[in-house]
1. Spot the failing condition for residue 26; the list is (1) within 30 Å of the chain's Cα centre (by Cα); (2) over 28 Å from residue 373 (Cα atoms); (3) not assigned by TED's automatic domain parsing to the domain that holds residue 361, and only one is missed.
2. Sort out for me the strands (runs of 3 or more DSSP E) sitting completely within the range 333-430 that have 2 or more residues that are over 18 Å from residue 42 (Cβ atoms) and not charged (D, E, K, R).
3. Within the range 39-82, count every residue that is assigned to a loop (DSSP other than H, G, I, E, B) and closer than 30 Å to residue 189 by Cβ.
4. What's the total number of residues in the range 111-141 that are without any contact (Cβ under 8 Å) to a residue 40 or more places away in the chain, within 18 Å of the chain's Cα centre (by Cα) and either assigned to a helix (DSSP H, G or I) or at positive phi (or both)?
5. Scanning for something in the same structural domain as residue 104 (by TED's automatic domain parsing), modelled with pLDDT of 95 or more, crowded, with 23+ Cβ neighbours inside 10 Å and part of a helix (DSSP H, G or I), does the range 221-228 turn up at least one residue?
6. Determine whether the range 363-381 contains at least one residue that is polar (S, T, N, Q) and touching a residue at least 60 places away in the same chain (Cβ under 8 Å).
7. For the range 5-16, state whether one or more residues are on the phi < 0 side of the Ramachandran plot, touching a Pro at 6+ places or on another chain (Cβ under 6 Å) and of a type outside the set (A, V, I, L, M, F, W, C).
8. Residue check: is residue 173 within 30 Å of residue 354 (Cα to Cα), in a strand (DSSP E or B), out of contact with any helix residue (DSSP H, G or I) (no Cβ under 7 Å at 6 or more places or on another chain) and at pLDDT 95 or above?
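The values are calculated or read from the model by the stated rules, or taken from the named source; none is laboratory data. Quick caveat: nothing in here was measured; it's all calculated off a predicted structure. Neighbour counts are summed over all protein chains in view; Cβ atoms, including those assigned to glycine, are modelled from backbone coordinates with ideal geometry.
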Amino acid sequence: MKTTSDSDKKPFSTGPEFALQADLQDPMNVFRERFFFPDPRLIYLDGNSLGPLLKKTGDTIEEFTRAQWGEKLIESWNDHWVDLPEKVGNRIARLVGASDGEVVVADSTSVNLYKLAHGALKLRRGRNRVVSDTMNFPTDLYILQGILKEAGPQYELVLAGTKEGIHPDLEELEALITEDTALVVLSAVAFKSGYFYDMAAITEMAHRKGAFILWDLSHATGAVPVGLRAANADMAVGCTYKYLNGGPGSPAFLYVRKDLQPLLQSPIQGWFGEENPFRFDLDYTPAGSSRKYLAGTPPILSLAAIGPGVEILLEAGMENLRHKSLLQGEYLLFLAREFLFPLGFSSGSPEDPERRGSHIALRHPEAYRICQAMIHGRIIPDFRDPDIIRLGITPLYTTWTGLHKTVMRIREILTSGEHLRISGEKKKVT
């Protein structure tokens with residue numbers, strides 16, 4: 001589908017008329033109608049944290065529970081379920097530029113990172129360094145710290161710094177990747193600033209020193225075009241509950257380049273990763289495919305719920321989604337510079353749109369209380385310490401009018417002092 005709108009043809013303007021006209025000409029409107037948004041006032045800008053419910057997902061779950069589980073019972077294992085981790089993985093592969101048999105859905109992002117990082121270190125014996133950066137999602141660093149603690153005191157995790165918390169220090173990163181480096185682990189899109197790495201360039205940087213690279217695609221899959229094969233990436237992990245709209249706690253996925261699969265072993269040897277799980281051998285033989293990275297019985301109901309979110313992205317096309325995302329990101333920053341920067345806001349995202357993912361980070365000392373005031377008015381962003389409001393742009397349903405209303409609402413909150421009447425005590429989930 002062709003994604004052109006009024007916003008492609010003329011400079012942005014600050015009035016609501018521009019946003020209204022852009023919405024009227026937006027070919028993505030057909031997709032918004034497929035989501036469950038019962039409150040017409042709601043402006044949802046948190047799809048980068050939890051994607052909303054697709055109407056088809058509800059239908060899929062109902063059909064699953066009634067027909068597959070309710071009527072067919074255990075027969076559905078052979079008829080529908082046993083190969084579902086690989087089937088859904090093959091569909092996700094099309095979103096991340098991988099081939100059939102290279103992506104499998106399993107467990108959580110953290111568990112999958114553990115499997116792949118552990119396996120990578122085993123393949124690079126004699127190298128004692130793992131490199132990441134301070135922009136990486138903390139759970140990735142926690143997993144790596146745990147692995148290296150078990151591996152022994154000779155191993156070290158070193159972190160490259162950032163420039164103002166927005167861009168990675170690429171010179172420092174390159175200097176830290178030495179001949180002693182076994183593995184480089186980075187988030188393709190940084191969870192705070194939204195910085196989008198040049199994956200091919202960084203992968204080549206790691207490979208020059210003989211290191212593996214493992215990409216966390218949690219904020220990238222469904223948000224930006226990802227080309228794992230084109231970048232010659234070794235491994236990747238990612239979640240399905242953000243831009244893939246798989247639902248809270250939906251299972252994650254992992255990618256291993258096909259030529260590495262015979263070599264890279266999972267440290268968690270569960271029965272679903274066995275060559276023939278229903279032979280029930282007492283000695284483990286790994287499957288000869290990406291299935292080897294499964295462990296226990298897959299969460300079938302959650303797996304089924306992922307499908308509609310993947311299919312709508314494939315239908316819309318990642319290049320089309322990226323085109324609208326870039327335009328809306330520029331528009332949002334245009335409005336922020338005009339109305340919010342004079343009131344103490346600043347950008348926490350890269351200025352270069354090509355180096356941004358699909359969320360905009362705005363900084364303000366009172367970010368948390370402003371965020372809570374927005375939520376009270378049915379505009380849903382999220383907050384990240386210490387001073388960031390993240391505004392997630394999801395082209396399938398984010399409207400131009402919604403972005404304009406959001407900026408006007410933030411301005412109203414600041415000028416009225418409404419946020420000052422809200423407690424600064426943070427909730428468990430921010």
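1. Among (1) within 30 Å of the chain's Cα centre (by Cα); (2) over 28 Å from residue 373 (Cα atoms); (3) not assigned by TED's automatic domain parsing to the domain that holds residue 361, residue 26 violates only (3).
2. Values: elements: 359-363, 382-384, 388-392.
Per the criteria, 359-363.
3. Taking the range 39-82 as the starting set, the residues that turn out to be assigned to a loop (DSSP other than H, G, I, E, B) are 39-42, 45-53, 72, 82.
From what's left, closer than 30 Å to residue 189 by Cβ: 39, 41-42, 45-53.
Qualifying residue count, the range 39-82: 12.
4. Residues of the range 111-141 without any contact (Cβ under 8 Å) to a residue 40 or more places away in the chain: 125-126, 134, 138-139, 141.
Checking the rest, the ones that are also within 18 Å of the chain's Cα centre (by Cα) come to 134, 138-139, 141.
From the residues that got through so far, the ones that are either assigned to a helix (DSSP H, G or I) or at positive phi (or both) too are 138-139, 141.
Adding up the residues that qualify gives 3.
5. Here is the first cut: in the range 221-228, the residues in the same structural domain as residue 104 (by TED's automatic domain parsing) are 221-228.
Retained after the next criterion (residues that are modelled with pLDDT of 95 or more): 221-228.
If we keep only those that are crowded, with 23+ Cβ neighbours inside 10 Å as well, we get 221-224, 226, 228.
Within this subset, residues satisfying the condition of being part of a helix (DSSP H, G or I) are 228.
Yes - at least one qualifying residue is present in the range 221-228.
6. Step one: list which residues in the range 363-381 are polar (S, T, N, Q), which gives 372.
Cutting the leftovers down to touching a residue at least 60 places away in the same chain (Cβ under 8 Å) gives us none.
Among the residues of the range 363-381, not one is polar (S, T, N, Q) and touching a residue at least 60 places away in the same chain (Cβ under 8 Å), which makes the answer no.
7. So in the range 5-16, the residues on the phi < 0 side of the Ramachandran plot come out as 5-16.
Okay, now just the ones that are also touching a Pro at 6+ places or on another chain (Cβ under 6 Å), so none.
No, that holds for no residue.
8. Values: within 30 Å of residue 354 (Cα to Cα): yes; in a strand (DSSP E or B): no; out of contact with any helix residue (DSSP H, G or I) (no Cβ under 7 Å at 6 or more places or on another chain): yes; at pLDDT 95 or above: yes.
Spelling it out, it is not the case that residue 173 is within 30 Å of residue 354 (Cα to Cα), in a strand (DSSP E or B), out of contact with any helix residue (DSSP H, G or I) (no Cβ under 7 Å at 6 or more places or on another chain) and at pLDDT 95 or above.
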